[in-house]
Amino acid sequence: MEIRFEKREQLKEKPDWNNLGFGKYMTDYMFVCDWDREIGWHDARIVPEGPIELDPACMTLHYAQETFEGMKAYRREDGKIQLFRPEMNAKRMINSNERLCMPAFPVEDFVAAVKALVKTEQDWVPSQKDTSLYIRPFMFATEAALGVHMAKSYKFMILCCPVGAYYATGLDPVKILVENELVRAVAGGTGFTKCGGNYAGSIAGQVKAEKLGYSQVLWLDGNERKYVEEVGTMNIMFKIDGEIWTAPTVGTVLPGVTRDSMIHLLRDWGYNVREERLAIDDLMKAGHEGKLEEVFGTGTAAVISPVGELRFKDDVVVINGGKTGELTQKLYDTLTGIQWGRLEDKYGWTTLV
Ligand code: COI
């Protein structure tokens with residue numbers, strides 16, 4: 001894939017590196033590539049970041065044919081920049097696109113595009129503790145037509161933004177509300193994909209949770225509203241009586257890159273990881289019996305996020321006294337150690353840009 005480059009007249013002012021928040025400051029450039037039925041992918045380019053023109057009849061604005069990914073570039077202590085398992089994001093996007101009848105962007109081209117953009121934006125990769133360059137690849141239909149069908153044209157784009165912690169609380173435990181009315185995904189639906197529609201449908205639950213003082217929603221399965229699945233922006237794991245439980249990725253749960261990496265680490269450390277369905281009633285019972293030792297979310301944006309409280313209807317369980325657990329901290333230190341190049345990467349997960 002050849003990538004042409006279009007220079008920006010004036011570079012943007014850099015943000016305050018100590019106050020980045022999440023997803024607020026886009027960098028100077030973006031990657032764009034077009035697809036149409038006749039010629040496939042063409043005109044890969046890195047161009048100044050800014051507004052794009054869309055026909056108001058563009059199918060994405062009406063029928064939400066859109067998928068996205070989330071990944072990060074990390075600044076190591078020696079100044080070099082690295083990515084974490086980028087091929088997994090590329091493959092997951094292909095799986096998402098297959099479900100939504102959208103074209104595949106080849107894995108090698110995906111990784112090459114991410115590397116080329118990050119290289120162009122190397123001055124935007126922050127070096128403050130726990131900061132990184134968040135990378136947002138996304139694809140959407142561009143055809144202007146109101147019939148519901150597979151579009152004749154698509155755009156694949158990549159944005160970058162320097163970020164700090166996803167949650168304002170940083171590594172302090174978050175409080176999570178279990179949603180018992182609304183559902184996020186059903187068998188046969190799009191739950192396993194990373195498509196905008198999944199997130200649009202989740203916002204009502206998020207608003208409800210925030211009103212009650214909770215920062216995220218834990219979704220139950222959409223068929224029986226009985227088994228725990230995932231949280232708004234991350235997968236979730238439970239340490240119960242020394243074993244780790246997490247929902248299986250059977251079609252309604254996003255196959256997270258961080259989730260997979262944590263399962264590798266945990267199994268390497270001798271933990272029994274049970275990728276099995278876990279009923280919310282059994283989870284709350286374990287909490288009341290003192291067997292629910294730790295709970296943590298896993299995600300690219302959220303990294304490893306300790307959970308200090310779970311509420312299901314009127315039942316509340318406080319986990320580990322509301323403090324970050326030992327295993328959660330160890331997972332966080334190990335994962336971030338590998339990602340920022342402070343620890344040896346014996347798994348071959350990182351790749352230099
Ligand atoms: C990520 O973890 O990268 C995500 O895509 C979650 C996002 C919705 C903030």
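The values are calculated or read from the model by the stated rules, or taken from the named source; none is laboratory data. Quick caveat: nothing in here was measured; it's all calculated off a predicted structure. For neighbour counting, all protein chains shown are included, and Cβ atoms are generated from backbone atoms with ideal geometry for every residue, glycine included.
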Glu38 being within 26 Å of Ser127 (Cα to Cα) and either more than 19 Å from the chain's Cα centre (by Cα) or among the basic types (Lys, Arg) (or both):
no
Single match in Gly197, Gly205 (criterion: within 27 Å of Leu117 (Cβ to Cβ), part of a helix (DSSP H, G or I) and not aromatic (Phe, Trp, Tyr)):
Gly197
Condition set in a loop (DSSP other than H, G, I, E, B) and basic (Lys, Arg), scope segment 123-158, selection nearest to Asp109 (Cα to Cα): answer is Lys152
Being over 22 Å from Thr27 (Cβ atoms) and basic (Lys, Arg) is the filter here, so list the residues in segment 86-117 that pass it.
Lys91, Arg92, Arg99
What number of residues in segment 66-112 are more than 20 Å from Ile46 (Cα to Cα), charged (D, E, K, R), outside any helix (DSSP H, G or I) and within 16 Å of the ligand (Cβ to nearest atom)?
2
Any residue at all in segment 148-161 that is crowded, with 20+ Cβ neighbours inside 10 Å and over 18 Å from the mean Cα position of the chain (by Cα)?
yes
Selection from segment 1-59 of residues that are among the aromatic types (Phe, Trp, Tyr), in a loop (DSSP other than H, G, I, E, B) and either at pLDDT 95 or above or in contact with a Ser or Thr (Cβ under 8 Å, 6 or more places away or on another chain) (or both)
Trp17, Tyr25
Any hit, segment 43-65, residues being touching a Gly at 6+ places or on another chain (Cβ under 6 Å) and away from the ligand (no atom under 16 Å from the Cβ)
no
Among (1) hydrophobic (A, V, I, L, M, F, W, C); (2) touching a helix residue (DSSP H, G or I) at 6+ places or on another chain (Cβ under 7 Å); (3) surrounded by fewer than 20 Cβ atoms within 10 Å (Cβ to Cβ), the one test that Ile52 misses
(2)
Based on this model, can you work out whether Thr190 counts as hydroxyl-bearing (Ser, Thr, Tyr), touching a residue at least 24 places away in the same chain (Cβ under 8 Å), within 30 Å of Trp41 (Cβ to Cβ) and more than 16 Å from the ligand (Cβ to nearest atom)?
no
Do you know which residues across segment 296-313 are over 12 Å from Val231 (Cα atoms) and near the ligand (Cβ under 10 Å from one of its atoms)?
Thr300, Ala301, Val303
Number of positions in segment 162-173 that are at pLDDT 95 or above and buried (at least 23 other Cβ atoms within 10 Å of the Cβ):
1
From the residues in segment 13-35 that are within 16 Å of the ligand (Cβ to nearest atom) and aromatic (Phe, Trp, Tyr), which one is farthest from the chain's Cα centre (by Cα)?
Tyr25
Only one residue in Leu254, Leu218, Leu265 is closer than 24 Å to Gln339 by Cα and more than 14 Å from the chain's Cα centre (by Cα). Which one?
Leu265
Looking at Ile176, is it in contact with a helix residue (DSSP H, G or I) (Cβ under 7 Å, 6 or more places away or on another chain) and either among the aliphatic types (A, V, I, L, M) or modelled with pLDDT of 95 or more (or both)?
no
Could you say which residue among Ala73, Ala44, Ala64, Ala57 is among the hydrophobic types (A, V, I, L, M, F, W, C), loosely packed, with under 12 Cβ neighbours inside 10 Å and in contact (Cβ under 8 Å) with a residue 60 or more places away in the chain?
Ala57
Here's a check for you: in segment 251-281, which residue that is without any contact (Cβ under 8 Å) to a residue 60 or more places away in the chain and surrounded by 18 or more Cβ atoms within 10 Å (Cβ to Cβ) is nearest to the ligand (Cβ to nearest atom)?
Gly256
